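Some notes on the structure that comes next.
The values are calculated or read from the model by the stated rules, or taken from the named source; none is laboratory data. This one's a predicted model, so the numbers in the text were calculated from it and none came from an experiment. No Cβ is skipped: glycine too gets one built from the backbone with ideal geometry, and neighbour counts run over all protein chains shown. Just so you know, the surface numbers come from the protein's heavy atoms only, side chains and all, with ligands and any DNA or RNA stripped out. Shrake-Rupley method; radii C 1.70, N 1.55, O 1.52, S 1.80 Å.
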Amino acid sequence: RALSRAGISSADAATVMGLVGGDIAGGVKPGTRLDIVLGRRASRDRPRPLDHLAFRARLDLAVEIDRVGGALQAKRIPIQVDNTPLRVQGVVGDSIYRSARAAGAPPKAIQAFLRVITQQVDLGSIGAGDRYDIIVEHRHAETGDVEVGELLYAGFRRARGKAVDMLKWTTGGRTEWFEASGVGDELRAWGVLLE
């Protein structure tokens, strides 16, 4: 639809989809910039041909399509991506949300963290001096683009009282959160790695 709105013929749009359909099977991220260059019309009643199209298909892939010898050809440009999870730790001040944002935690990760922690802790009881520990999926491309994924770990340490270590565990396609101190050796080992 975006190509059609730009004035690209249905034939060229179909060719583009044939060339890159597999690369964008999950859809293109909304707001993705399309760099389009159209050629000269063969006649007034014909749409302008596509000469060049460049866009980011995924975080790890850019695509350029050029007309070469009258035919459209695709060039795939891999982009290096670091998949190291993001860990944000800090001390609660007047608000756990504001403290975590100031420490660099993404809003989506903080919201997920609070949903998980409330399974073990009353939010109203969180006070200054308590500590939080957030680990979230984080993909950082060499171009500077970032994608934040799912929360992986939620830790909470009171200035006084019980510590909470919530671990995300997926098995058989089902995801659950476990308090690390009350589960099996495998999850406890995961908790030791986080110390």
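Listed by first and then second residue, the pairs with beta-carbon distance under 6 Å, at least 6 apart or on different chains, first residue in region 13-34 and closer than 16 Å to residue 73 by Cβ, second open to solvent by 30 Å² or more (accessible area, probe 1.4 Å) and modelled with pLDDT of 90 or more, are 19/74; 20/74. Here residue 145 fits the description: touching a Leu at 6+ places or on another chain (Cβ under 8 Å), of a type in the set (D, E, K, R) and at pLDDT below 95.
Is it true that residue 45 is acidic (Asp, Glu), open to solvent by less than 50 Å² (accessible area, probe 1.4 Å), at pLDDT below 95 and over 30 Å from residue 154 (Cβ atoms)? Spelling it out, it is not the case that residue 45 is acidic (Asp, Glu), open to solvent by less than 50 Å² (accessible area, probe 1.4 Å), at pLDDT below 95 and over 30 Å from residue 154 (Cβ atoms).
Out of all the residues in region 16-32, which are part of a helix (DSSP H, G or I), out of contact with any helix residue (DSSP H, G or I) (no Cβ under 9 Å at 6 or more places or on another chain) and open to solvent by less than 60 Å² (accessible area, probe 1.4 Å)? Outline the logic, then answer.
First, the residues of region 16-32 that are part of a helix (DSSP H, G or I): 16-20.
Next, only the ones that are out of contact with any helix residue (DSSP H, G or I) (no Cβ under 9 Å at 6 or more places or on another chain) stay: 18-20.
Matches in region 16-32: 19, 20.
Each residue in region 148-165 was checked for being among the acidic types (Asp, Glu) and surrounded by fewer than 20 Cβ atoms within 10 Å (Cβ to Cβ), and 1 pass.
Here residue 40 meets each of (1) modelled with pLDDT under 85; (2) more than 30 Å from residue 142 (Cβ to Cβ); (3) open to solvent by 70 Å² or more (accessible area, probe 1.4 Å) with one exception, condition (1).
Being part of a strand (DSSP E or B) and open to solvent by less than 50 Å² (accessible area, probe 1.4 Å) narrows it down to one of 74, 100, 112, so name that one. Going through 74, 100, 112 in turn, the sole match is 74. Flag not set for residue 73, criterion: polar (S, T, N, Q) and modelled with pLDDT of 95 or more. Being assigned to a loop (DSSP other than H, G, I, E, B) and either open to solvent by 80 Å² or more (accessible area, probe 1.4 Å) or under 23 Å from residue 160 (Cα atoms) (or both) holds for only one residue in 93, 124, and it is 93.
Could you please give the count of residues in region 38-71 that are assigned to a strand (DSSP E or B) and small (Gly, Ala, Ser)?
As a first pass, look at region 38-71 and keep what is assigned to a strand (DSSP E or B): 38, 50-58, 61-68, 71.
Keeping just the survivors that are small (Gly, Ala, Ser) gives 54, 57, 62, 71.
Residues in region 38-71 being assigned to a strand (DSSP E or B) and small (Gly, Ala, Ser): 4 in total.
Quick check, is residue 51 over 27 Å from residue 146 (Cβ atoms), in contact with a strand residue (DSSP E or B) (Cβ under 7 Å, 6 or more places away or on another chain) and not hydrophobic (A, V, I, L, M, F, W, C)? For residue 51, the condition - over 27 Å from residue 146 (Cβ atoms), in contact with a strand residue (DSSP E or B) (Cβ under 7 Å, 6 or more places away or on another chain) and not hydrophobic (A, V, I, L, M, F, W, C) - is met. Quick one: in region 116-136, of everything that is farther than 13 Å from residue 90 by Cβ and without any contact (Cβ under 8 Å) to a residue 40 or more places away in the chain, which residue is nearest to the chain's Cα centre (by Cα)? Here the answer is 118.
Considering only residues in region 78-90 that are assigned to a strand (DSSP E or B) and under 15 Å from residue 145 (Cα atoms), the one that is most open to solvent (accessible area, probe 1.4 Å) turns out to be 78. For region 49-58, filtered to residues that are surrounded by 17 or more Cβ atoms within 10 Å (Cβ to Cβ) and of a type in the set (A, V, I, L, M, F, W, C), the residue that is farthest from residue 23 (Cα to Cα) is 50. Would you mind stating whether residue 35 is open to solvent by 50 Å² or more (accessible area, probe 1.4 Å), farther than 30 Å from residue 106 by Cα and not basic (Lys, Arg)? No; evaluated as a whole, the condition is false for this residue.
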